[in-house]
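Asker: My questions all concern the structure below.
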Amino acid sequence: MPQIGLTPDVRELKDKMKEFINGTVIPAEPVLMQDDEESSRTMAGIKQAAKDQGLWALGHPVEIGGAGLGFMPFVHLNEVIGRSHFGSTAVGSASMQDSIMMHLYASEEQKERWLAPMVAGEIYPSVGLTEPEVAGSDPTLMQTRAVRDGDEWVINGHKWFTSGASRSAFTTCFAMTNPRAESKWERFSSIIVPTDTPGYEIVRAVPTMGTTQGQHCEVRYNDVRVPATNLLGPEGQGFLIAQKRLGPGRIFHCMRWLGQAERAFELMCERAKARWAHGSYLAEKGEIRTWIADSAAEIQAARMMTLDAARAYDEGDEARAEIAMIKFWGGHVLHNVIDRAIQVHGALGVTSDTPLEFMYREARYARLYDGPDEVHKMTVARHVLRDPFNNVPWR
C-alpha cells in the first residue's frame with residue numbers, strides 16, 4: 001500500500017533503524033531501567049553504536065551537526081524509534097525539538113555554547129513551562145516572573161515537570177517579562193538558564209506513574225540571575241517559540257506511540273497464538289480475535305491520520321486541528337492496544353517480565369503532556385464549527 005513520504009530509500013533507512021532498535025536497544029532495556037552507573041555506561045555504548053551505524057541525529061539540520069533528513073522521512077523513523085522508551089535517547093532524536101527551536105531563535109553565541117554539544121548528545125536540555133499552582137492547559141496563567149536588572153534577568157518562580165532537569169545542562173524557562181503587554185500572548189519570553197546557576201533549585205524528582213528515573217523535576221527559581229543575552233529569541237515571543245516546538249513535536253509523539261502500540265500488538269498476537277486454555281489456543285477464541293481486529297484497525301486509522309497531519313504540516317499548513325485530532329486519538333489507541341495486550345497475557349501482563357506494565361503506565365501520560373485531551377478536542381470542535389461543511393479533514 002503506498003504511504004505518504006515512504007520512498008524506497010526511506011523504507012530502507014526505516015528497516016535499518018528497526019533492526020537497531022529491536023536488536024540493540026530493546027535487549028538492553030532491563031539494564032537501562034536501572035538508572036545507575038551501569039545503565040549510563042550501557043547507554044553511552046548504544047549511542048556510539050548509533051553514530052557508528054549512521055543512525056545518529058538523523059532529523060537534525062545538517063548545519064547544526066545532524067544528517068538533515070526531511071520532515072516526512074523522520075516522521076516515519078519515529079514509528080520505529082518509539083518501539084522502545086529509550087529509543088529517542090539512543091539515536092539522538094530526544095533533543096530534536098529543542099535543537100530546532102534553538103537553531104531558529106538562538107544567537108550565535110548561544111548556539112556555540114549549547115547547540116553543538118546538545119546535538120552531539122554530550123549535554124541534555126530541559127524546558128520549564130508547567131507550574132503546580134496554575135492549570136498547565138492555560139499557559140497564560142504562568143506566574144514565574146523575569147525582571148530586567150541592568151544587564152541581567154532576575155527570575156523568580158516555581159515550576160514542575162521540568163523533565164530531565166536533574167541531568168540537563170540548561171533549562172529553557174518560560175516567564176512573564178512584560179505584564180503590561182496588550183496581548184496576553186506577548187507577555188512571556190523564553191530564557192536560557194544554566195542549571196548550575198545560583199538560585200536554581202531542584203526541589204525533588206516528582207514521583208510519577210511509569211517513569212522510574214526521576215526525570216520530572218520540581219524546580220524553584222530563587223532570584224536566579226542570568227545575562228540579558230540569555231533571552232532566547234525576541235522578548236514577548238515565548239509562546240510563538242513554544243508553539244514552533246510543540247507542533248511538530250506532537251506529530252513525533254504520535255508516531256512514537258504507534259511504535260509502542262505496534263510492539264504491544266505483536267506481543268498480544270504472539271501470546272494469543274501460544275497460550276492454550278479451555279480446549280483451544282487464545283487466538284481461536286472469538287473475543288480475542290475481536291481485540292486483535294479492533295487493535296489492527298485502530299492502529300492503521302491512527303497511522304493514516306498522523307501521516308496526513310504530518311503531510312499537511314510539511315506542506316506549510318499549521319495543521320492545528322489535524323495535530324490536535326491525532327494527539328487525543330493517538331493516545332486513546334495507544335491505551336486500548338496495550339490494555340488488550342495485558343489482558344491477553346493474563347497475570348503475566350502485570351508483571352515486569354514483559355514490557356507491557358511499564359508501557360501501560362507510560363501510556364497514561366499521552367492524555368496529558370503537550371496538552372490534555374480536552375483542550376485538543378476544544379481546538380478541533382472550534383475549528384470545525386467555524387465552517388462545519390468545509391473544515392473537516394475529509395473535505
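Asker: Residue pairs, Cβ under 8 Å, 6 or more apart or interchain, first in the range 373-388 and part of a helix (DSSP H, G or I), second charged (D, E, K, R) and open to solvent by less than 60 Å² (accessible area, probe 1.4 Å). List them.
Answerer: D373/K327; H376/K327
Asker: Condition test on K244, is it farther than 29 Å from T89 by Cβ and either touching a Pro at 6+ places or on another chain (Cβ under 6 Å) or open to solvent by 40 Å² or more (accessible area, probe 1.4 Å) (or both)?
Answerer: Answer is no for this residue.
Asker: Quick one: which of R303, R320 is buried (at least 17 other Cβ atoms within 10 Å of the Cβ), farther than 15 Å from R256 by Cβ and either at pLDDT below 95 or of a type in the set (D, E, K, R) (or both)?
Answerer: R320
Asker: Another question about this same structure. If I ask for residues that are of a type in the set (S, T, N, Q), out of contact with any strand residue (DSSP E or B) (no Cβ under 7 Å at 6 or more places or on another chain) and either within 24 Å of R11 (Cβ to Cβ) or in contact (Cβ under 8 Å) with a residue 12 or more places away in the chain (or both), which ones from the range 36-95 would you list?
Answerer: T42, Q53, N78, S84, S88, T89, S93
Asker: So, of the residues in the range 147-163 that are open to solvent by 10 Å² or more (accessible area, probe 1.4 Å) and closer than 30 Å to A120 by Cα, which turns out to be nearest to the chain's Cα centre (by Cα)? Quick ask: steps written out before the conclusion?
Answerer: Within the range 147-163, the subset open to solvent by 10 Å² or more (accessible area, probe 1.4 Å) is 147-152, 154, 156-158, 160-161, 163.
Right, trim to closer than 30 Å to A120 by Cα and you get 152, 160-161, 163.
Working: E152: 32, W160: 17, F161: 13, S163: 11 Å.
My answer is S163.
Asker: Taking the range 6-39, which residues are exposed (fewer than 13 other Cβ atoms within 10 Å of the Cβ) and over 25 Å from L258 (Cα atoms)?
Answerer: D36, E37, E38
Asker: OK, next. Inspect the range 340-359 for any residue being open to solvent by 40 Å² or more (accessible area, probe 1.4 Å), closer than 29 Å to D317 by Cβ, assigned to a helix (DSSP H, G or I) and touching a helix residue (DSSP H, G or I) at 6+ places or on another chain (Cβ under 7 Å) and give the result as yes or no.
Answerer: For the range 340-359, residues open to solvent by 40 Å² or more (accessible area, probe 1.4 Å), closer than 29 Å to D317 by Cβ, assigned to a helix (DSSP H, G or I) and touching a helix residue (DSSP H, G or I) at 6+ places or on another chain (Cβ under 7 Å): absent.
Asker: Okay, next question. For the range 214-232, which positions are open to solvent by less than 40 Å² (accessible area, probe 1.4 Å) and either assigned to a strand (DSSP E or B) or modelled with pLDDT under 95 (or both)? Spell out the reasoning first.
Answerer: Here is the first cut: in the range 214-232, the residues open to solvent by less than 40 Å² (accessible area, probe 1.4 Å) are 214, 216-219, 221, 224, 226, 228, 230-232.
Within the range 214-232, G214, H216, C217, E218, V219, Y221, V224, V226, L231, L232 qualify.
Asker: Here are some residues: M101, M43. Which one is open to solvent by less than 50 Å² (accessible area, probe 1.4 Å), assigned to a helix (DSSP H, G or I), under 26 Å from K244 (Cβ atoms) and not hydroxyl-bearing (S, T, Y)?
Answerer: Just one listed residue meets the conditions, M101.
Asker: Okay, next question. Filter the range 1-35 down to the residues that are assigned to a loop (DSSP other than H, G, I, E, B) and either under 22 Å from the mean Cα position of the chain (by Cα) or in contact (Cβ under 8 Å) with a residue 24 or more places away in the chain (or both) and list them by number. Give the steps one after another, and end with the answer.
Answerer: Residues of the range 1-35 assigned to a loop (DSSP other than H, G, I, E, B): 1-7, 33-35.
Hits for the range 1-35 are Q3, I4, G5, L6, T7, M33, Q34, D35.
Asker: Here's something else I'd like to know. Name the residue that is nearest to F161 (Cα to Cα), counting only residues in the range 113-138 that are open to solvent by 30 Å² or more (accessible area, probe 1.4 Å) and under 16 Å from the mean Cα position of the chain (by Cα).
Answerer: The extreme case among them is T130.
Asker: Only one residue in E362, E322, E318 is in contact (Cβ under 8 Å) with a residue 60 or more places away in the chain and not in a helix (DSSP H, G or I). Which one?
Answerer: On the way: E362 fails: not in a helix (DSSP H, G or I); E322 fails: not in a helix (DSSP H, G or I).
That would be E318, the only listed residue that is in contact (Cβ under 8 Å) with a residue 60 or more places away in the chain and not in a helix (DSSP H, G or I).
The values are calculated or read from the model by the stated rules, or taken from the named source; none is laboratory data. Just so it is clear, the model here is predicted, and its values are computed rather than measured. Note that each Cβ is placed from the backbone with ideal geometry, even for glycine, and that neighbours are counted across all protein chains shown. These area figures cover heavy atoms from the full protein model, side chains too; ligands, DNA and RNA do not enter into them. Shrake-Rupley method; radii C 1.70, N 1.55, O 1.52, S 1.80 Å.
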